[in-house]
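The values are calculated or read from the model by the stated rules, or taken from the named source; none is laboratory data. What you see is a predicted model, and the numbers here were worked out from it, not measured in a lab. We place every Cβ from the backbone using ideal geometry, glycine too, and count neighbours over all the protein chains shown. Heavy atoms of the whole protein, side chains included, go into the accessibility calculation; ligands, DNA and RNA do not. Shrake-Rupley method; radii C 1.70, N 1.55, O 1.52, S 1.80 Å.
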Amino acid sequence: MTHWFHRNPLKATAPVSFNYYGVVTGPAASKICSDLRSSRARLLELFTDLSCNPEMMKNAADSYFSLLQGFINSLDESTQESKLRYIQNFKWTDTLQGQVPSAQQDAVFELISMGFNVALWYTKYASRLAGKENITEDEAKEVHRSLKIAAGIFKHIKESHIPKLITPAEKGRDLEARLIEAYIIQCQAEAQEVTIARAIELKHAPGLIAALAYETANFYQKADHALSSLEPAYSAKWRKYLHLKMCFYTAYAYCYHGQTLLASDKCGEAIRSLQEAEKFYAKAEALCKEYGETKGPGPTVKPSGHLFFRKLGNLVKNTLEKCQRENGFIYFQKVPTEAPQLELKANYGLVEPVPFEFPPPSAHWTPETLAAFDLTKRPKDDSAKPKPEEVVKPVKEPDIKPQKDTGCYIS
């Protein structure tokens with residue numbers, strides 16, 4: 001689905017040398033530092049490599065995170081932290097806040113920030129794959145799974161690691177609870193979009209499609225609400241996208257609910273439901289225009305130009321006309337003034353994040369290796385002080401050329 005998913009930029013980071021002159025006293029410790037440096041650089045390269053797939057990403061991420069764990073957790077699996085946790089300063093930008101980085105001298109901050117970028121990569125991979133021409137069923141499943149994996153990573157970071165930070169996240173930064181919650185919910189909502197497209201393709205019952213669309217619209221509304229107290233200067237564009245998707249799937253819910261009502265000989269109520277679908281579709285169209293005109297992070301997508309978007313407009317129009325014809329010839333029912341209440345609950349197809357855990361420490365971490373880091377020999381005038389004003393170069397992300405729009409991303 002080219003032009004369908006809004007994506008914020010990847011986080012950028014300052015290079016890290018992992019050079020600790022004087023502190024490193026043996027070849028095993030020196031090897032760990034060298035491997036950390038190369039595995040970090042490799043992972044950062046893969047974020048913008050179009051040939052990277054989920055298996056490559058998982059292997060590279062596990063390689064780096066397993067080495068980094070020795071800087072975070074003690075090797076005896078106790079609750080104690082590693083003596084190396086605060087040895088290195090890390091700088092990361094935020095997806096919404098431009099190129100002035102946050103800096104923390106804390107390996108947990110690095111684990112969370114790099115993990116955040118891995119989750120973002122999965123969302124961008126899903127978006128690229130969904131934009132392919134004539135996407136196969138297996139590829140559609142991979143889009144679905146990638147979005148659920150991303151949701152699981154964001155959720156694990158939020159629940160298990162952000163609380164461990166000594167310095168809490170500032171308002172509007174990526175690691176703040178409201179912002180990361182919006183990312184989790186958006187991933188779930190987008191994965192459910194794949195489910196809805198599949199249900200439509202296989203001509204499942206209108207009641208199921210209406211319920212899934214309603215639940216998806218609610219997800220987008222929750223994500224939008226999570227961002228509601230952030231500064232419009234950096235959140236307005238993203239919120240427009242979430243709002244337009246909420247209106248779009250509410251229109252879908254009313255459209256298919258109208259079909260269910262018509263099948264139950266409730267033609268008057270069906271007409272009213274379709275009229276509500278028409279209203280929300282018009283709102284979504286208007287919001288597409290506003291979204292395109294709103295400045296903010298991330299490239300602008302064009303949902304209203306997508307065949308999947310336009311198909312709904314035709315479906316609403318044709319179904320409403322059919323209901324009005326049937327009512328004029330057969331039912332002669334009064335059209336209610338109030339729109340029907342959508343109290344729809346989907347029993348199938350609801351998306352839950354894929355559970356995620358960071359890997360355990362690498363086998364290269366042994367008590368002897370850890371002992372070879374002698375913190376008493378650390379230079380007195382430690383130069384690794386945070387420099388929040390330093391500008392970190394943005395990640396140059398590949399420009400994806402849209403492919404021919406077939407209007408569907410499962411076949």
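Write out, first by first residue and then by second, each pair whose Cβ atoms fall under 8 Å of each other, whose residues are 6+ apart or on separate chains, and whose first residue, in the stretch 35-58, is touching a residue at least 12 places away in the same chain (Cβ under 8 Å) and open to solvent by less than 50 Å² (accessible area, probe 1.4 Å) while the second is of a type in the set (Asp, Glu) and in a loop (DSSP other than H, G, I, E, B).
Cβ pairs passing all conditions: THR48/GLU397.
Those residues that are within 17 Å of LEU261 (Cβ to Cβ) and either surrounded by fewer than 24 Cβ atoms within 10 Å (Cβ to Cβ) or hydroxyl-bearing (Ser, Thr, Tyr) (or both), I need them from the stretch 207-217; list them, please.
GLY207, LEU208, TYR214, listed by residue number.
Filter the stretch 285-295 down to the residues that are open to solvent by 40 Å² or more (accessible area, probe 1.4 Å) and assigned to a helix (DSSP H, G or I), then identify the one that is nearest to ARG310 (Cα to Cα).
GLU285
Taking the stretch 1-11, which residues are of a type outside the set (Lys, Arg) and crowded, with 21+ Cβ neighbours inside 10 Å?
MET1, THR2, PHE5, HIS6, ASN8
For LEU244, state whether it is open to solvent by less than 10 Å² (accessible area, probe 1.4 Å), of a type outside the set (Ser, Thr, Tyr) and either touching a Lys or Arg at 6+ places or on another chain (Cβ under 6 Å) or at positive phi (or both).
Spelling it out, it is not the case that LEU244 is open to solvent by less than 10 Å² (accessible area, probe 1.4 Å), of a type outside the set (Ser, Thr, Tyr) and either touching a Lys or Arg at 6+ places or on another chain (Cβ under 6 Å) or at positive phi (or both).
Give just the number: which of (1) of a type in the set (Asp, Glu); (2) open to solvent by 50 Å² or more (accessible area, probe 1.4 Å); (3) closer than 21 Å to VAL316 by Cα does GLU231 not satisfy?
Result: GLU231 passes all but (3).
Among what's in the stretch 12-34 and is of a type in the set (Val, Ile, Thr) and in contact with a strand residue (DSSP E or B) (Cβ under 6 Å, 6 or more places away or on another chain), pick the residue that is least open to solvent (accessible area, probe 1.4 Å).
VAL23
Would you be able to tell me the number of residues in the stretch 166-206 that are in contact with a helix residue (DSSP H, G or I) (Cβ under 6 Å, 6 or more places away or on another chain), open to solvent by 20 Å² or more (accessible area, probe 1.4 Å) and closer than 30 Å to ARG85 by Cβ?
Count: 2.
From the list TYR241, TYR254, pick out the single residue that is farther than 28 Å from PRO297 by Cβ and touching a residue at least 24 places away in the same chain (Cβ under 8 Å).
Every option except TYR254 fails the conditions.
Answer yes or no: is there a residue in the stretch 276-284 that is open to solvent by less than 20 Å² (accessible area, probe 1.4 Å), in a helix (DSSP H, G or I) and of a type in the set (D, E, K, R).
Yes, the stretch 276-284 contains at least one residue that is open to solvent by less than 20 Å² (accessible area, probe 1.4 Å), in a helix (DSSP H, G or I) and of a type in the set (D, E, K, R).
Would you mind stating whether LEU84 is open to solvent by less than 10 Å² (accessible area, probe 1.4 Å) and not in a loop (DSSP other than H, G, I, E, B)?
Judged against the criteria, LEU84 is not a match.
Could you list, ordered by first residue, the pairs with Cβ atoms under 9 Å in which the first is in the stretch 292-308 and farther than 16 Å from SER127 by Cα and the second is at pLDDT below 80 and among the basic types (Lys, Arg), at least 6 apart or interchain?
From the stretch 292-308, the pairs are GLY292/LYS302; SER304/ARG310.
Any idea which of (1) part of a helix (DSSP H, G or I); (2) touching a residue at least 40 places away in the same chain (Cβ under 8 Å); (3) buried (at least 18 other Cβ atoms within 10 Å of the Cβ); (4) not hydrophobic (A, V, I, L, M, F, W, C) is the one LYS91 doesn't satisfy?
Result: LYS91 fails condition (1) only.
Look at GLU133 and say whether it is more than 29 Å from ASP106 (Cα to Cα), open to solvent by 10 Å² or more (accessible area, probe 1.4 Å) and assigned to a loop (DSSP other than H, G, I, E, B).
Judged against the criteria, GLU133 is a match.
From SER102, SER113, SER127, which residue is of a type in the set (Gly, Ala, Ser), touching a residue at least 24 places away in the same chain (Cβ under 8 Å), more than 16 Å from ARG7 (Cα to Cα) and open to solvent by 10 Å² or more (accessible area, probe 1.4 Å)?
SER102
Does at least one position in the stretch 69-80 carry a residue that is of a type in the set (Phe, Trp, Tyr), surrounded by 19 or more Cβ atoms within 10 Å (Cβ to Cβ) and not in a helix (DSSP H, G or I)?
So far as the stretch 69-80 goes, no, none of its residues is of a type in the set (Phe, Trp, Tyr), surrounded by 19 or more Cβ atoms within 10 Å (Cβ to Cβ) and not in a helix (DSSP H, G or I).
Quick check, is SER146 at pLDDT below 95, of a type in the set (Ser, Thr, Tyr) and under 11 Å from the mean Cα position of the chain (by Cα)?
No: the conditions fail for SER146.
Could you go through the stretch 297-308 and let me know if any residue there is within 23 Å of HIS6 (Cβ to Cβ), hydrophobic (A, V, I, L, M, F, W, C) and touching a helix residue (DSSP H, G or I) at 6+ places or on another chain (Cβ under 9 Å).
The answer is yes, given that some residue of the stretch 297-308 is within 23 Å of HIS6 (Cβ to Cβ), hydrophobic (A, V, I, L, M, F, W, C) and touching a helix residue (DSSP H, G or I) at 6+ places or on another chain (Cβ under 9 Å).
Based on this model, can you work out whether THR337 counts as modelled with pLDDT of 80 or more, of a type in the set (S, T, N, Q) and loosely packed, with under 13 Cβ neighbours inside 10 Å?
yes
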